[in-house]
Amino acid sequence: MRGQRRKGGIVEGYQLKVAPELCTGCLRCELACSETYEGVFSPSKARIRVLVGSSTWEIRFEEDCTGCGACADNCLYGAISRSP
Ligand code: SF4
Ligand code: SF4
């Protein structure tokens with residue numbers, strides 16, 4: 001997933017990296033996304049889905065994900081991060 005952020009008026013590109021093995025299932029990413037775009041803390045309105053996988057959590061970005069990185073900024077465990 002590619003995204004952009006503004007830093008001092010300069011738009012920088014970055015890659016959103018996912019490490020599902022580090023995910024705890026806390027859903028902070030979903031809450032951050034829904035709050036950013038819908039103004040509510042509601043995982044069902046997020047543009048990212050954290051699902052129970054066979055041995056780890058599975059992290060999926062929905063089609064309407066903008067790549068803004070708010071989910072990564074709110075993941076405390078390094079399961080989603082920005083990579084320059
Ligand atoms: S990706 Fe990060 S914020 Fe989202 S559920 Fe996993 S640990 Fe929590
Ligand atoms: S990058 Fe932005 S739009 Fe995409 S899932 Fe994360 S918070 Fe939501």
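The values are calculated or read from the model by the stated rules, or taken from the named source; none is laboratory data. The structure displayed is predicted, hence computed values, not measured ones. Virtual Cβ from ideal backbone geometry, glycine too; neighbours counted across all protein chains shown.
What the table below lists for this structure:
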item: Count - residues of the stretch 32-63 that are near ligand 2 (Cβ under 10 Å from one of its atoms), over 16 Å from S81 (Cβ atoms) and aliphatic (A, V, I, L, M); result: 1
item: All positions within the stretch 42-65 that are away from ligand 1 (no atom under 13 Å from the Cβ), more than 11 Å from the chain's Cα centre (by Cα) and loosely packed, with under 14 Cβ neighbours inside 10 Å; result: S42, S44, S54, S55, E63, D64
item: Complete set of residues in the stretch 44-69 that are at pLDDT 95 or above and out of contact with any strand residue (DSSP E or B) (no Cβ under 8 Å at 6 or more places or on another chain); result: S44, K45, A46
item: In the stretch 23-41, the residues that are among the charged types (D, E, K, R) and within 11 Å of ligand 1 (Cβ to nearest atom); result: R28, E30
item: Pairs, first of a type in the set (F, W, Y) in the stretch 61-78, second part of a loop (DSSP other than H, G, I, E, B) and more than 8 Å from ligand 1 (Cβ to nearest atom), C-beta under 9 Å, six or more apart; result: F61/M1; F61/R47; F61/G67; Y77/A19
item: Residue tally, condition assigned to a loop (DSSP other than H, G, I, E, B) and under 18 Å from A19 (Cα atoms), over the stretch 31-64; result: 6
